[in-house]
Amino acid sequence: MFPKNMWVAALAGGALVIPATESAADAAVKVFHPGQQVKVAAGTHAGKVARVDALVVRDRAGRERTVRFAALSGQARGGVRAGATVRLSGGQAARVIGLRLRLGNRWIGRYRPGQLAPARPTRPSTGTPSHSDDRPTPKPPAQEEPKPTTPTTPTTPSKPSNPGKPWNPGRPSGGSGSPGTPSNPGTTPSQPDPDPQPQPEPQPQPQPQPEPQPPADSPFVFGGGNWPGAGWSPYNASSPFNTRITNPVVHPQSSQLVANSLGAAGKPRTLLVSPAPSHDYQHPIYYATASDPLMTIQAGSYALTGRQIRVPANAIAAGGGDGHMSIVQPDGWAYELWQVSRSGSTLKASTAYRQRYDGAGVVTPEDVKRDPTIGGATAPYFGLHAGIIRASELAAGRIDHALFVTIPAGSRDTSFGFGVQAPGASGRGGSGSFVWPAFKGDAAADGVRPPMGTRFWLDMTDQEIAQSGAPAWEQAIARAVANYGAYFGDTGGDGFAFQAESSVMYTSYGKPDPYAAIAAQYGIRKDAEWGYGFAFSGRIPWSSRLRAIAPPARP
């Protein structure tokens, strides 16, 4: 039997069974080779030449997995035919259904054979940022790395289509794009094969975490190895992320909006946590104290350049290309940075803004008009802590706030209604439309798609969720979306992906990775490259019960 928690499926024997018939779609690219260059014929990246990086296979249980060519044996290492059936370790059969592609140094998603065409060997383009700020002085150029997003297997992750952005994030992956971050909308969703109907299994009971007390020198900080526990939420009571859903107004095109957001999987992508540093696109949050060293921000033309702030000596940015980091000051200001590096007493960043940690976690036009230092390090200017799933919450099975979600692409137009704004209307760039509580939009695609900031709601009661048989961690996420919702905050990958906090904020202090103990409760093994994968079970009917709803009222 196929090992439950195996990360990458190795192929045994090297035998390939070639189907007798081949669909017209499969005829576009008939054989997949490692490093092969193909032209994308559909989706956001149509016309671009990309490199084949791995195979996507579907096993008989309906689960999709990513398989590297290095995992193939015998002649299969040199090429695999589209639609071929391969044998996984343990003898289980799986069908080759597509490819994972790399454009320059970033993942651009999963593609079916019919979406690809042969291409002459050319040097792939590295792409350019798609939602940079429209500032008078250009920001310094920044190199981009792939963003992880969430895979689809129910017990362990598949290789993300855009590491860092929870397919989570994230782009687990992860992740929460920033101004200037290129977006990877992935492929046009196709109809998924019917999901198997799993039987409920006994689930481990999470251990509640003690509530930490903040240091005495500030009401806004924890710090010094003391972090918020479950039951605590950032930002104020009027924040959209802390506002419960009451009397939701379902959007007239909710079904199409949800289908184009969930993608082919029909459920959220695997929540990836604790990846290798180069794939960490998550949000480390640090709480400075009055005794921490002073550092000077250097961020080009941004208004925060030259500002001195307290930065814990242990603080390091997420290791992926986004390089996010938030440092909450003793006075309650959270400094939100993108592509951060430390050099002596200088904190260098490609983007630098700040928000009140006791504020709403979102930004309004009035805010930026009043104070040019106010903004955000995510595409819609949500605070870096807004909607993030914390380890303490996952362990306790309790999330008392809305969540941050990444989907393949946003909308190009204003057909959504409900006060939607056109791309660029905020005056700080953005190529997609947006709706409150977003301040600006991100990369967009054609079709019926949600503008950035769209609120999603799981139309289920707590009792229905409890009776679903889903794991306790998944039930906690489902209850959060049912009671508070999830806001569209980033683009990338080919599905619906939640964002988790970065484990580096714990390990940088020499503390144990809290996700290790949580994963152990559920028998989830860690992959050295992609970390722990919390795969959604299929027992929560996301595709039929998720709704796109009207924005919350503005305070």
Nearest-0.05 FRET efficiency for residue 331 and residue 418 at R0 = 56 Å, using Cβ-Cβ distance, is 0.95
Over its alpha-carbon atoms, the range 366-421 yields an Rg and a Dmax in Å of 15.4, 41
Between residue 237 and residue 278, what length comes free when the chain is fully extended (0.36 nm per residue of separation minus the Cα-Cα distance, one decimal in nm)? 11.2 nm
Could you order 39, 267 so the one with the most accessible surface comes first? Probe is 1.4 Å. 39, 267
If I ignore ligands, DNA and RNA and count only protein heavy atoms, how much of residue 333 is accessible to a 1.4 Å probe, in Å² to the nearest 10? 50 Å²
How high is the FRET efficiency between residue 345 and residue 553 when r is their beta carbon distance and R₀ equals 35 Å, given to the nearest 0.05? 0.20
In terms of the ratio Rg/(2.2 N^0.38 Å) built on C-alpha atoms, what value belongs to the range 468-555? 1.30
For residue 448 and residue 301 in the same chain, what is the full-extension length gain: residue separation times 0.36 nm, less their Cα-Cα distance, in nm? 49.2 nm
For the pair residue 520 and residue 85, how long in nm is the line joining their label points, each one 7 Å along Cα→Cβ? 4.1 nm
Express in Å², to the nearest 10, the accessible area of residue 95 obtained by rolling a 1.4 Å probe over the protein heavy atoms while all chains stay in place. 110 Å²
Could you sort out which of 348/440; 267/348; 267/526; 48/267 sit more than 32 Å apart by Cα distance in this structure? 267/348
Note: probe point = Cα of residue 358 + 7 Å toward Cβ; backbone nitrogen < 20 Å; residues of the range 282-302 passing the test are 286-291
Report the extension gain between residue 544 and residue 291 in nm, rounded to one decimal, defined as 0.36 nm multiplied by the number of residues separating them, less their alpha carbon distance. 85.9 nm
How large is log10 I(q)/I(0) at q = 0.11, 0.22, 0.24 Å⁻¹ when the Debye formula is applied to the Cα atoms of the range 310-415, each weighted equally and without solvent? -0.41, -1.33, -1.42
Accessible-area value, residue 413, 1.4 Å probe, nucleic acids and ligands omitted, Å²: 70 Å²
Can you work out the FRET efficiency for the pair residue 244 and residue 467, with r the C-beta to C-beta distance and R0 = 22 Å, to the nearest 0.05? 0.55
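The values are calculated or read from the model by the stated rules, or taken from the named source; none is laboratory data. As the structure is a computational prediction, the values presented were derived from the model and not from experiment. Every residue, glycine as well, gets a Cβ built from its backbone with ideal geometry; the counts of neighbours run over all protein chains shown. To get the accessible areas, we keep the full protein, side chains included, count just its heavy atoms, and leave off ligands, DNA and RNA. Shrake-Rupley method; radii C 1.70, N 1.55, O 1.52, S 1.80 Å.
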